[in-house]
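See below for the structure under consideration.
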Amino acid sequence: MKVLPRSAFGQTVLLIGVLLLVNQVVSYISIAIYILQPNAQQVNQLLAKQVRAVFIDIDDPILRPAMAEAFHKETGIGVYRENMAMRLGLEHATHYPFRSEEMSLLLGGPAEVRISQGDEYLFWIRPPQAPDWWVKIPLTGLEEENLYPLLGVLVILGVLSVAGGWLFVRQLNRPLRSLQRAAEEVGRGNFPEPLKENGTTEIVSVTQAFNHMSKGIRQLEDDRNLLMAGISHDLRTPLTRIRLSTEMMSSVDEFLKEGIEGDIDDMNKIIDQFIDYIRNDHTDVFEMHSLNVLLADVVQAESIPGRNIVLSGEEVSNVPMRYIAIKRVVANLIQNSLRYSEGDVDIEVNESTRNRTVSFSVLDNGPGIPEDDIQRLFQPFTQGDIARGGEGSGLGLAIIKRIVDSHGGRVTLSNRKEGGLKAVVTLPYSEK
């Protein structure tokens, strides 16, 4: 299971998020140590002084009650036994161990601190000087530490920072996305317009190198097409003269005439295959078409007397395709099945909504292909063993694979358990 993102975009955003989290934690700890804790210590020292003031002993029996009453009236501090303290609010007060420990150090003995918050903020302290008594000290302008607003602010700042980092990295990686799409197009034989050279200096350098590479590959492709067109023209001209010459041969040489004409037809077919292989059908644009309709058209066109081509399967969604190119794929697969097998040829249509693809399979009952030769047959000028025949130039499957690859799809061959070969062509819903 992959937890960490593998893309540079995801890793950068994750790094920003981790750094911000560390910064927020450090900020929270710093506030707690340098602001909240000193404030709590100052409050405890103030309370300890007031507790000591409560237990100042006055020897004069007349002055002592008057001083106590005046002290209570001016400060609101009172001393109560536990039963009375419970009735006055001690029962609902919360015990604070940390404040109790500090108060014990300040008063020089075991002390207990409880805090209740109602109409007023009350500290209840049981001092070591009088363990059976509770000192009630009201404080105004003081509230219990509420860290939720601080945490809320830190969370909001973190979210905004991560969002800003996400937008920044997205903008930074946008040229890389364009570069990726353009590279995929070049890999399928399509040459997009030169990319805009923007972004960081490193990305601009890579974009410049890619545009230069794409231009070079396009030039090589054009040169190859021109060369093949010239060769095709130069070969067809003498072939035409040879065909005309055979028409003037006498009837005595009829058998020789038929052989020459057959050789001329084979050479013309081989030349056509060469041209089919090098061209990418740039004039045939991607459009949404029904695969079911296309298969039905090809089946009708390729049907021959004595052989059945059975089309079955579900009605599938339309997919973007170069219609003429995919018709050539289907026709080549059907022709191969008819040539190298006997009996019916089955075509099955399927759709995978999960993978967002449609596919069709061409099945025959021939001898099949050795497993070791299956992948090799997709290479140009490669033919199978004698079981599948040795005719042609060996470009048929290479042409099929090139067309399917240009659609972002895939073609696979496999031997059937019941005998024969199964060819599966899969096309995506959307042009990649």
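Since every read-out is calculated from the coordinates, none of them should be taken as a lab result. This structure is a prediction, so every number in the text was calculated from the model and none was measured. Neighbour counts are summed over all protein chains in view; Cβ atoms, including those assigned to glycine, are modelled from backbone coordinates with ideal geometry.
Descriptive notes on the structure:
- Residues whose amide H falls under 5 Å from that of residue 410, counting only those 5 or more places apart or on a different chain, are 426, with hydrogens built in the peptide plane.
- Among the listed pairs 269/327; 327/401; 215/269, those beyond 25 Å (Cα-Cα): 215/269
- Residue 52 versus residue 213: modelled label distance in nm, points set 7 Å from Cα along the beta carbon direction: 8.0 nm
- Other residues lying with their Cβ under 13 Å from the Cβ of residue 135 contribute a combined charge of +3, Lys and Arg counting +1, Asp and Glu -1.
- Shape annotation for region 287-428: C-alpha extents along the principal axes are 39, 32, 27 Å, from largest to smallest.
- Our coupling estimate for region 126-134, obtained by passing each phi through the Karplus curve with A = 6.51, B = -1.76, C = 1.60 and θ = phi - 60°, is 9, x, x, 5, 8, x, 8, 10, 10 Hz, Gly and Pro reported as x.
- Contour excess over end-to-end distance, with Cα ends at residue 29 and residue 160 and 0.36 nm allotted per residue: 45.1 nm
- Listed values for region 342-347 are Karplus-derived 3J(HN,Hα) couplings in whole Hz (6.51 cos²θ - 1.76 cosθ + 1.60, θ = phi - 60°), namely 10, x, 6, 10, 9, 10, and x replaces Gly and Pro.
- Estimated inter-spin distance, residue 247 and residue 260, nm [label 7 Å along Cα→Cβ]: 1.3 nm
- Residues whose amide H falls under 5 Å from that of residue 311, counting only those 5 or more places apart or on a different chain, are 347, with hydrogens built in the peptide plane.
- Note, ³J(HN,Hα) from phi for region 328-338, Karplus 6.51, -1.76, 1.60, rounded to Hz, x at Gly and Pro: 5, 4, 4, 4, 5, 5, 5, 4, 4, 5, 5
- Applying 1/(1 + (r/R0)^6) with R0 = 25 Å to the Cβ-Cβ distance of residue 416 and residue 304 gives a FRET efficiency near 0.65.
- Spin-label model, residue 82/residue 289: points 7 Å from Cα along the beta carbon direction are separated by 9.5 nm.
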